[in-house]
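The values are calculated or read from the model by the stated rules, or taken from the named source; none is laboratory data. It should be emphasised that the depicted structure is a prediction, and the values quoted were computed from it without experimental measurement. Because the Cβ atoms are built from the backbone with ideal geometry, glycine has one as well, and the counts that use them run over all protein chains shown. Keep in mind that these areas ignore ligands, DNA and RNA; they rest on the heavy atoms of the full protein, side chains included. Shrake-Rupley method; radii C 1.70, N 1.55, O 1.52, S 1.80 Å.
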Amino acid sequence: MASTPTGVLNLLKEQDIKIVDLKFIDFIGSWQHFQVPSHNLDESTFEDGVPFDGSSIRAWQGIESSDMAVVPVASTAKIDPFFEEKTLSLICDIKDPVTGEAYSRDPRNVARKAVKYLQSTGIADTAYFGPEAEFFVFDSVRYDTHSGAGYYYIDSSEAPWTNGEEYGNMGYKIRPKLGYFPVAPTDSMQDMRNEMVLMLESMGMQVEASHHEVAPAQHEIDFRFDTLVTTADNLQWYKYIIKNIAKRHGRVATFMPKPMFNDNGNGMHVHQSLWKDGQPLFAGDQYAGLSEMGLFYIGGLLKHARALAGLTNPSTNSYKRLMPGFEAPINLAYSNRNRSAAVRIPIVNSPKGRRAEFRCPDSTCNAYLAFAAMMMAGLDGIQNKIHPGEPLEKDIYGLPPEELAKVPKMPSSLREALDELEADHEFLLKGDVFTPDVIEYWLEYKVENEINEVDCRPAPHEFYLYFDA
């Protein structure tokens, strides 16, 4: 696919593409887009951008300063597979058309600044990220909330609570926590996952594995790591492709961390490492084959994990996943093979594969902000030589209460996480990567538009508990 403005313009002509779809990420983490006829693009578009109304995008400009511009990034050009008319998709950066400066609340800009800061430190020149984003595919979901009602209902042919009348054979139900790696017919969606895998690969993403996950109707498809910004771009494509293929099959996909009570939720374990001059920096002769730098990076992750939660686990629902008993990494420790630790060092044979796996995040995060924040925490650990202490090799979930109480934990609510982020974000401001207005507005938006909105509404289970009080 084309990687330069000239290449993109030639591609439009060669393949007679008449529509260009301009995609960009909003502050909270959702893709937005609009289309322009391909004849409107020329070389200057990749410098000056295309104007649009920024006041209509949540958490962005006020109406008094709404004019903004999307600037297409030529190297992101891909043919969008979901439109009837052949359409070229371009991911865009955001800038102020008056000053020409990159927009501070553009998450992709934050991620690009993080990479520049990394390079400016001389510590490394490349940060690699590899997320493992789990998702559910349900047969249908119904929900609503208003002054007189609030409910949700999930249907899945794999779920043990469905009656089988509408969804077929009841003989192959997945019991709670027992859905990991079953074959067909218990795993009823391999054909659909295969379609997702082939679509991802046709879009240039190398898939490493695809499988059923622990809960009914839960899945994971792992794609190969890449540089920080490219991986964030790829994660947006990943979610877009999975949701659209599920819809094509008459089903609905969700990355919501905890849509179902009493079973595992959706996490997004994030593998990460630093390189310089083509050489891995986390390989060495310390614990689990790590270098001292790799240990310090983990030390930074663990030190700032509670603050990072405000960006890596940024929904009220995130903390319904981060609960004991569901394999969720709530304990802030590190280990080689222990999946109950917040940071795991995967066992690999090659020094090039040596990395840290931060297991706390989920896919409600804005990947550009979350990846940038995790890297900044790791860099802070390296710069300040923050050793993570002794690894925890025991099953953390089986520790005696008095021993478990000594292990630091992730926040238990979004409000607590945001309080931690407000108190501990100086490491994010280095190099002007995160600016104060980004942190302040993120905190304000999350409290006013999410926490307060959830807190003031009765939940269905409260009727069960209190209606007859």
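Here are a few things to note about the model shown:
- Failed item in (1) surrounded by 20 or more Cβ atoms within 10 Å (Cβ to Cβ); (2) within 30 Å of SER202 (Cβ to Cβ), with ARG321 passing the rest: (2)
- Among the residues of segment 105-161, those that are within 30 Å of VAL71 (Cβ to Cβ) and either acidic (Asp, Glu) or open to solvent by 50 Å² or more (accessible area, probe 1.4 Å) (or both) comprise ASP106, ARG112, LYS116, GLN119, SER120, ASP125, TYR128.
- Qualifying residue in segment 17-29 (condition: under 30 Å from TYR297 (Cβ atoms), aliphatic (A, V, I, L, M), in contact (Cβ under 8 Å) with a residue 60 or more places away in the chain and not in a strand (DSSP E or B)): yes
- Condition check for GLU390: surrounded by fewer than 24 Cβ atoms within 10 Å (Cβ to Cβ) and closer than 19 Å to ALA328 by Cβ: no
- Residues within segment 409-463 that are under 30 Å from THR121 (Cα atoms) and aliphatic (A, V, I, L, M), tallied: 11
For every residue, the table says whether it meets (1) of a type in the set (Ser, Thr, Tyr); (2) within 26 Å of the chain's Cα centre (by Cα); (3) more than 30 Å from THR435 (Cβ to Cβ).
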| residue | (1), (2), (3) |
| --- | --- |
| THR45 | yes, no, no |
| ILE79 | no, yes, yes |
| PRO107 | no, yes, no |
| TYR117 | yes, yes, no |
| VAL137 | no, yes, yes |
| ASP144 | no, yes, yes |
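- When segment 408-424 is filtered for residues that are part of a helix (DSSP H, G or I), surrounded by fewer than 16 Cβ atoms within 10 Å (Cβ to Cβ) and of a type in the set (Gly, Ala, Ser), only ALA423 remains.
- Wholly within segment 101-155, strands (runs of 3 or more DSSP E) carrying at least 1 residues that are modelled with pLDDT of 95 or more: 126-138
- Within segment 234-260, the residues that satisfy the criterion of being open to solvent by 10 Å² or more (accessible area, probe 1.4 Å) and not in a loop (DSSP other than H, G, I, E, B) are ASN234, GLN236, LYS239, TYR240, LYS243, ASN244, LYS247, ARG248, VAL252, ALA253, THR254.
- Residues in segment 425-458 that are within 14 Å of ALA373 (Cβ to Cβ) and surrounded by fewer than 17 Cβ atoms within 10 Å (Cβ to Cβ): GLU426, LEU429, LYS430, GLY431, THR435, LEU443.
- Pair list, Cβ under 8 Å, 6 or more apart: segment 59-75 residue of a type outside the set (Asp, Glu), other residue modelled with pLDDT under 70 and open to solvent by 20 Å² or more (accessible area, probe 1.4 Å): MET68/GLN61
- Condition met for SER413 (modelled with pLDDT under 95 and hydroxyl-bearing (Ser, Thr, Tyr)): no
- Residue match in segment 85-100 (condition: over 30 Å from THR162 (Cβ atoms), open to solvent by 10 Å² or more (accessible area, probe 1.4 Å), touching a strand residue (DSSP E or B) at 6+ places or on another chain (Cβ under 6 Å) and assigned to a strand (DSSP E or B)): yes
- Out of TYR445, TYR441, TYR464, sole residue that is out of contact with any helix residue (DSSP H, G or I) (no Cβ under 6 Å at 6 or more places or on another chain), assigned to a helix (DSSP H, G or I) and free of Cβ contacts under 8 Å to residues at least 24 places away in the same chain: TYR464
- Residue among LYS385, LYS430, LYS352, LYS394 that alone is over 20 Å from the mean Cα position of the chain (by Cα), assigned to a helix (DSSP H, G or I), touching a residue at least 40 places away in the same chain (Cβ under 8 Å) and farther than 26 Å from SER315 by Cα: LYS352
- Looking across segment 196-225, the residues that are open to solvent by 50 Å² or more (accessible area, probe 1.4 Å), among the charged types (D, E, K, R) and not in a strand (DSSP E or B) come down to GLU201, ARG224.
- Within segment 30-40, the set of residues being open to solvent by less than 50 Å² (accessible area, probe 1.4 Å), in a strand (DSSP E or B) and of a type in the set (S, T, N, Q) is empty.
- Among residues of segment 41-58 being among the small types (Gly, Ala, Ser) and surrounded by fewer than 19 Cβ atoms within 10 Å (Cβ to Cβ), the one that is farthest from ASP26 (Cα to Cα) is SER44.
- Looking across GLY299, GLY289, GLY294, one residue alone is small (Gly, Ala, Ser), over 24 Å from PHE24 (Cα atoms), crowded, with 24+ Cβ neighbours inside 10 Å and touching a residue at least 40 places away in the same chain (Cβ under 8 Å). It is GLY294.
- ALA405 meets the conditions (1) open to solvent by less than 70 Å² (accessible area, probe 1.4 Å); (2) out of contact with any Gly (no Cβ under 6 Å at 6 or more places or on another chain) in every case but one. The failed one is (1).
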